[in-house]
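The values are calculated or read from the model by the stated rules, or taken from the named source; none is laboratory data. A quick note: this is a predicted structure, and the numbers were derived from the prediction, not measured. Ideal geometry is used to build each Cβ from the backbone, glycine not excepted, and the neighbour counts take in all protein chains shown.
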Amino acid sequence: MAAYMLTQAGANVLLLEAGGPWDNTKDSAMLKMAYQSPRRGASTPDRPFGEFDACVGGWELQGEPFTKAEGTDFMWWRARMVGGRTNHWGRISLRYGAYDFKPRSRDGLGFDWPIGYEDLAPYYDKVELLIGVYGSNEHLENTPDSSPGCLLPPPKPLVSDLLVAQRAKRLGIAVIPCHRAVLTQPLDFGSSPARLHPGNVTAQKLLAEDMRARAACLWATPCGRGCSIRANYQSTTVHLPPALASSNLDVTTDAMVYEVTLGRDGRANGVSFFDRTTGRPQHATARVVILAASACESVRILLNSRSAQFPNGLANSSGRLGRYLMDTVGSSVSGQIPLLESLPPLNEDAADGDQMYVPWWLYRDQHAGKLGFARGYHIEFGGGKRMPGFGTGAGIQWLTGGSYGVKFKQDVRRYYGSFVSFAGRGEMIPNDQSYCEIDPKVKDKWGIPVLRFHWRWSEHELRQAAHMQRTFAAIIDSMDGRTSGPALSDGAEAIAPGGSIIHEVGGAIMGSDPRTSVTNQWCQTWDVQNLFVTDGAVFASNADKNPTLTIMALAWRAADHILERMRRKEL
Ligand SMILES: Cc1cc2nc3c(=O)[nH]c(=O)nc-3n(C[C@H](O)[C@H](O)[C@H](O)COP(=O)(O)OP(=O)(O)OC[C@H]3O[C@@H](n4cnc5c(N)ncnc54)[C@H](O)[C@@H]3O)c2cc1C
Ligand code: SF4
């Protein structure tokens, strides 16, 4: 995002990327059929979500370990390719609301951000216009509306979506169109470029051409494999093409950054990296350094950038670097709905992701202290008869008793499309026990010290996870369905491990006081004025809203600030 913005404004940018390149026209496997997989879709070491998945990376990277303190259960998913995890993310793009920026003022827990919703709202508008997000404005509490013209129309709901909506309503739960970064129609290349880059005719022209080249979704292929027609947002299909077309961007792949270097004047003067192809250390100089290597990796680079001035890591005069790591609270329940059995075959491929979702609906009860936990969650759910994939028909023994042969085929047809699954995505409150630091002993294959994680959920998250279980079971029950197992009443059993929802943020949180935060409201480190962090590390809270839209809005705002300061010769 930052590279896109800066290059459009005429700045020269060098983007250093630890992984390899990705070309949507050649590398996307979205049009491959299941039977074309030599491994029947099984995962490979660098593609744990299946060999057709777009994102190279994983929970474990060969030669790049991380460690966990005793008693810590934490997972860290790392990408190693241009565009990172945006090549296969779920593309759910929710805005933070006004409450989400000021949580401490509402309930006394966690931290307030140094900015409010009104500061980021114009940037949410811009990001939505640029990347293309479907959804609707519903005027709900703490679920912000977008400015007119920013959202694309949502896709039609599936039969199962309509049934969930009808039955959840009886429980007082509103189901509304989801917001996802997928083009339901071509982008408005006639007027959006002028809204996004006012006064910059060159950028407008480049963007108009690029927007024209992005096709609308054809509703039939798995988005996680990457989109060859550029109908969904990936950094590789949206940010990089116009940035490269500006001729202001150089991309160096296989460049594993390990340190930000400091000049005698106390300013960052560049970064050191290993060329992964030769194993040799290299250095690149820069007037401004921006870290966006994913929250924990940016923190690792800073912690490893030690000097006489910063013996505990660069930009760490507050001692808060690595502190307040947060993930999303996750818990899920699925069920089988007899009403959806044996429906006539119909094409329900639809958007490969949520058409609809449930925003948090219990703000008042929670604020009144009636729930026993302080923050909310939204519900993502799925169902329908999508393209049969690997494993379709497996795992239905609990319904069939274990049928075989002709009876099994009949059972698969009967039950196919009759399942719904609910996943809660909830807010975690930052705490002192969840952080990362440099492991004093372990290094990766280049000799770079690795991260050691510490993790602890509080009672708020555990109770929230148990609430999710009760809610999902109640919705399935209201649909006259049955869950595959009992709802878990123990939050510690119901909650997914830290890091496993892959929404990790924090570690270099922004604030208004240099003694208690790492960056200011512009993602600029307090200690080094030409050093910025534009990924999730700067999040001061992790609202239930998935983080990536906010990461992009913050990065755009930071880039605007950098440009302004560069024009004034202050950077
Ligand atoms: C399966 C999945 C589904 C998701 N669904 C959603 C969703 O629906 N909505 C949502 O908001 N979020 C979702 N996320 C999270 C989302 O992907 C991340 O929030 C987002 O990608 C973060 O962007 P980032 O640039 O900070 O990190 P990344 O996307 O991880 O990019 C970091 C980049 O830095 C590179 N890099 C790392 N270390 C170094 C180094 N030392 N030197 C040089 N380069 C380096 C990496 O190769 C990568 O290109 C999902 C994630 C996954 C995995
Ligand atoms: S469903 Fe649409 S957005 Fe997703 S990969 Fe297919 S064409 Fe692209």
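The sole residue among Pro153, Pro148 that is surrounded by fewer than 20 Cβ atoms within 10 Å (Cβ to Cβ), of a type outside the set (Gly, Ala, Ser) and within 16 Å of ligand 2 (Cβ to nearest atom) is Pro153.
Scanning the stretch 317-336 for residues that are more than 30 Å from Phe422 (Cβ to Cβ), touching a residue at least 40 places away in the same chain (Cβ under 8 Å) and more than 26 Å from the chain's Cα centre (by Cα) yields Ser317, Ser318.
What number of residues in the stretch 74-110 are within 16 Å of ligand 2 (Cβ to nearest atom), of a type outside the set (S, T, N, Q) and either modelled with pLDDT under 95 or part of a loop (DSSP other than H, G, I, E, B) (or both)? Count: 5. May I ask you to verify whether Ser512 is in a loop (DSSP other than H, G, I, E, B) and in contact (Cβ under 8 Å) with a residue 40 or more places away in the chain? So Ser512 passes the test.
When every residue of the stretch 359-366 is checked against the conditions, at least one turns out to be out of contact with any helix residue (DSSP H, G or I) (no Cβ under 9 Å at 6 or more places or on another chain), closer than 27 Å to Thr143 by Cβ, assigned to a loop (DSSP other than H, G, I, E, B) and aromatic (Phe, Trp, Tyr).
Among the numbered conditions (1) more than 14 Å from ligand 1 (Cβ to nearest atom); (2) in contact with a Ser or Thr (Cβ under 9 Å, 6 or more places away or on another chain); (3) more than 30 Å from Gly376 (Cβ to Cβ), the only one that Leu302 does not meet is (1). Picking from residues in the stretch 170-189 that are outside any loop (DSSP other than H, G, I, E, B) and within 16 Å of ligand 1 (Cβ to nearest atom), the one that is farthest from the chain's Cα centre (by Cα) is Pro177.
Scan the stretch 449-461 and tell me whether some residue there is over 23 Å from Lys545 (Cα atoms) and surrounded by fewer than 19 Cβ atoms within 10 Å (Cβ to Cβ). I'd like the intermediate steps shown before the answer.
First pass over the stretch 449-461, keeping only residues over 23 Å from Lys545 (Cα atoms): 449-454.
Still in the list and also surrounded by fewer than 19 Cβ atoms within 10 Å (Cβ to Cβ): 449-450.
Yes, some residue in the stretch 449-461 is over 23 Å from Lys545 (Cα atoms) and surrounded by fewer than 19 Cβ atoms within 10 Å (Cβ to Cβ).
Identification of strands (runs of 3 or more DSSP E) wholly contained in the stretch 403-491 with 3 or more residues that are within 18 Å of Ser334 (Cβ to Cβ) yields 419-426. Listed by position, the strands (runs of 3 or more DSSP E) contained in the stretch 219-280 that have at least 1 residues being over 24 Å from Gly447 (Cα atoms) and in contact with a helix residue (DSSP H, G or I) (Cβ under 7 Å, 6 or more places away or on another chain) are 249-252. From the list Trp113, Trp22, the lone residue that is within 10 Å of ligand 1 (Cβ to nearest atom), at pLDDT 95 or above and closer than 30 Å to Asp560 by Cβ is Trp22.
Would you check if there is a residue in the stretch 203-215 being under 30 Å from Asp23 (Cα atoms), hydrophobic (A, V, I, L, M, F, W, C), in a strand (DSSP E or B) and at pLDDT 95 or above?
No, the conditions are met nowhere in the stretch 203-215.
I'm checking my understanding of the structure. Among residues of the stretch 542-567 that are assigned to a helix (DSSP H, G or I) and basic (Lys, Arg), which one is surrounded by the fewest Cβ atoms within 10 Å (Cβ to Cβ)? Once the filter is applied, the top-ranked residue is Arg567.
Condition check ((1) of a type in the set (Gly, Ala, Ser); (2) in contact with a Cys (Cβ under 7 Å, 6 or more places away or on another chain); (3) surrounded by fewer than 17 Cβ atoms within 10 Å (Cβ to Cβ); (4) free of Cβ contacts under 8 Å to residues at least 40 places away in the same chain) across all residues:
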| residue | (1), (2), (3), (4) |
| --- | --- |
| Asp265 | no, no, yes, yes |
| Thr277 | no, no, yes, yes |
| His283 | no, no, yes, yes |
| Arg287 | no, no, yes, no |
| Ile290 | no, no, no, no |
| Ile301 | no, no, no, no |
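Tell me, yes or no, whether the stretch 61-73 has at least one residue that is away from ligand 2 (no atom under 16 Å from the Cβ), in contact (Cβ under 8 Å) with a residue 12 or more places away in the chain and out of contact with any strand residue (DSSP E or B) (no Cβ under 9 Å at 6 or more places or on another chain).
Just the residues of the stretch 61-73 that are away from ligand 2 (no atom under 16 Å from the Cβ), to begin with: 61-73.
Then drop every residue that is not in contact (Cβ under 8 Å) with a residue 12 or more places away in the chain, which leaves 61-69, 72-73.
Right, trim to out of contact with any strand residue (DSSP E or B) (no Cβ under 9 Å at 6 or more places or on another chain) and you get 62-63.
The answer is yes; a qualifying residue exists.
Condition check ((1) under 21 Å from the mean Cα position of the chain (by Cα); (2) crowded, with 22+ Cβ neighbours inside 10 Å; (3) within 13 Å of ligand 2 (Cβ to nearest atom)) across all residues:
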| site | (1), (2), (3) |
| --- | --- |
| Ser191 | no, no, no |
| Val201 | no, no, no |
| Gln204 | no, no, no |
| Trp219 | no, no, yes |
| Ser228 | yes, no, yes |
| Gln234 | yes, yes, yes |
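Working only within the stretch 57-78, note down all residues that are under 16 Å from the mean Cα position of the chain (by Cα), over 30 Å from Pro114 (Cα atoms) and hydrophobic (A, V, I, L, M, F, W, C). Residue satisfying the conditions is Trp59 alone. Just to be sure before I move on: is Asp352 among the acidic types (Asp, Glu), within 16 Å of ligand 1 (Cβ to nearest atom), crowded, with 23+ Cβ neighbours inside 10 Å and farther than 23 Å from Ala487 by Cα in the structure I sent? Yes. Cβ separations smaller than 6 Å between residues 6+ apart or across chains give the following pairs from the stretch 85-113 residues that are of a type in the set (Val, Ile, Thr) to residues that are part of a helix (DSSP H, G or I): Thr86/Ser235.
Of the residues that make up the stretch 127-144, is at least one within 16 Å of ligand 2 (Cβ to nearest atom), small (Gly, Ala, Ser) and touching a residue at least 40 places away in the same chain (Cβ under 8 Å)? Checked the stretch 127-144: at least one residue is within 16 Å of ligand 2 (Cβ to nearest atom), small (Gly, Ala, Ser) and touching a residue at least 40 places away in the same chain (Cβ under 8 Å). Apart from one condition, Val159 fits all of (1) of a type outside the set (Gly, Ala, Ser); (2) over 24 Å from Ala553 (Cα atoms); (3) within 16 Å of ligand 2 (Cβ to nearest atom); the exception is (3). Any idea which residue in the stretch 216-233 is nearest to ligand 1 (Cβ to nearest atom), counting only those that are modelled with pLDDT of 95 or more and of a type in the set (A, V, I, L, M)? Looking at residues that are modelled with pLDDT of 95 or more and of a type in the set (A, V, I, L, M), I get Ala231. Search the stretch 201-223 for residues that are among the hydrophobic types (A, V, I, L, M, F, W, C) and pair each with any residue that is away from ligand 2 (no atom under 14 Å from the Cβ) and not in a loop (DSSP other than H, G, I, E, B) when their beta-carbon atoms are under 6 Å apart and the residues are at least 6 apart or on different chains. Listed pairs, sorted by first residue: Ala203/Gln8; Leu206/Pro242; Leu206/Ala245; Leu207/Pro193; Leu207/Pro242; Ala208/Pro193.
Go through the stretch 111-122 residue by residue and tally those that are in a helix (DSSP H, G or I) and surrounded by 21 or more Cβ atoms within 10 Å (Cβ to Cβ). I'd like the intermediate steps shown before the answer.
The first filter runs over the stretch 111-122 and keeps only residues in a helix (DSSP H, G or I), leaving 117-122.
Still in the running and surrounded by 21 or more Cβ atoms within 10 Å (Cβ to Cβ): 120.
Residues meeting the conditions: 1.
Here Gly41 does not qualify as of a type in the set (Gly, Ala, Ser), more than 16 Å from ligand 1 (Cβ to nearest atom), in a loop (DSSP other than H, G, I, E, B) and over 29 Å from Ala286 (Cβ atoms).
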